[in-house]
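Derivation of every value follows stated rules applied to the coordinates shown; laboratory data play no part. On a predicted model such as this, the values are computed, not experimentally measured, just so you know. Glycine gets a Cβ as well: all are built from the backbone with ideal geometry, and neighbour counts include every protein chain shown.
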Amino acid sequence: MGKRSRWGRRRGDNRIESKSGYALIQDAETDIETDEISGFAIEEDGLSIPEFETEQDKFETEDTPSLLAPASGDAPRVFALVGATGGVGTTSLATQLAHEFAVSISSGSASRSHPADPKVCLIDLDFESGACAHHLDLLPSLTLEDLSGSPEQIDTAFTQALVSTHESGVALLATPNSIGANARVNPKTVMAMLDAAAELFDVVIIDLPRYMQPWTMSVMRAVDVLGLTCELTIPSLHAARERLANIKMTSNGSINAHVILNKFERRSFKNTLRLNDAETALGQSVLSTLCLDPDTTREALNCGEPAGAIRPEARYVKDVRKLAQLLRQEQINPLALAA
Ligand SMILES: Nc1ncnc2c1ncn2[C@@H]1O[C@H](COP(=O)(O)OP(=O)(O)OP(=O)(O)O)[C@@H](O)[C@H]1O
Ligand SMILES: [Mg+2]
């Protein structure tokens, strides 16, 4: 039994019963009853992402080709991840997911694929504070100039020449970070590079910047699955819900967005939210949970390696493996997961 606080309540036992008292959850329940989840962000806080309204509008016109469109009948193979809040583990996940796909593809092929002939590409689209190259301890070969110029210069040969390859067989496309770079790239050139990467590699994993850019909706529409990473905390769930609402509103359901809960503790403590609280708040099922595993993820960062290269049997690595299997299933679609 917890010690009594000066207010006469037992420490830790006061919030579990009043969980439904969280504004986050109450609000979601009201939204679900009135079937107006997508209106939340618009009416409550006017969250409107200014893509298509900026100077770069011209890049987002209808003549922007629908690049990366998945070939019908194929297993999903182009995935993007975006964090609902900072530091939720999006880049760690992108790195490990790429490693997982690289390992599973190479172990599945008769001749073990050589790292010089990678099948998986990790693309860091955060040109200001990206960290995929740092997580893999690689030097980026792509430059901002490559992505600011004309899309005509981008083809598969050019793209192939700009990858840095990790010894695990993950190809990386990333630029050195530069302030203001996310707004300076040419969206059509970025899309042309993604298109070339989709042609070159079996699986493409994209780490998106957390703040929306004029081109991010185009990328989100083009990928097979968008993973929105968040944690089981009130601020992170609020941010995830706002982001989902915004995605639904702006994409008219054309983005296949799913929530991935990272740093998830299976044991339920008092004063903690539970998975079903998160699903109520989000208005949809969570695609996958990844356990809290600070030792493995820290060691990976310390070594500049994907977690799976150091601890292939760690709980975090196994959770990412399960996610990779789920992502490759064709059936994943937003309606199937609606709570
Ligand atoms: N499952 C996990 N368990 C424990 N710690 C984790 C887990 N996943 C990631 N971390 C840790 O969280 C921190 C942030 O990770 P990471 O840089 O991948 O997050 P991010 O969402 O990409 O951050 P940013 O918003 O800066 O891009 C790192 O210290 C990482 O080791
Ligand atoms: Mg990151």
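A few points about this structure:
- Largest first, the extents of the alpha carbon coordinates of the stretch 117-188 on the three principal axes equal 32, 26, 14 Å.
- Pairwise Cα distances in the stretch 180-266 exceed 20 Å in 42 percent of cases.
- Which of Thr280, Leu200, Asn256, positive extreme of dipole for the stretch 178-319 (C-beta unit charges): Thr280
- Placed amide H near Ser288: partners under 5 Å, 5+ positions off or other chain: Leu261
- Residue-by-residue Karplus 3J(HN,Hα) for the stretch 220-232, coefficients 6.51, -1.76, 1.60, Hz, glycine and proline x: 4, 5, 7, 7, 6, 9, 9, x, 9, 8, 8, 10, 8
- For the stretch 221-332, the calculated P(r), taken from all Cα-Cα distances in 5 Å bins from zero up to the bin holding the longest distance, is 2, 11, 19, 20, 19, 15, 9, 4, 0 percent.
- Using equal-weight Cα scatterers in the Debye expression, the normalised intensity of the stretch 123-273 in log10 at q = 0.14, 0.17, 0.19 Å⁻¹ is -0.75, -1.04, -1.23.
- Nearest-20 debye value, the stretch 185-255 charge dipole, Cβ charges on Lys, Arg, Asp, Glu: 360
- Loop-resident GluC sites (Glu not before Pro) (DSSP state other than H, G, I, E or B) in the stretch 97-198 with no more than 14 further Cβ atoms inside 10 Å of their Cβ: Glu167.
- Cα-centre dipole for the stretch 270-316 with unit charges at Cβ (Lys and Arg positive, Asp and Glu negative), debye to 20: 160
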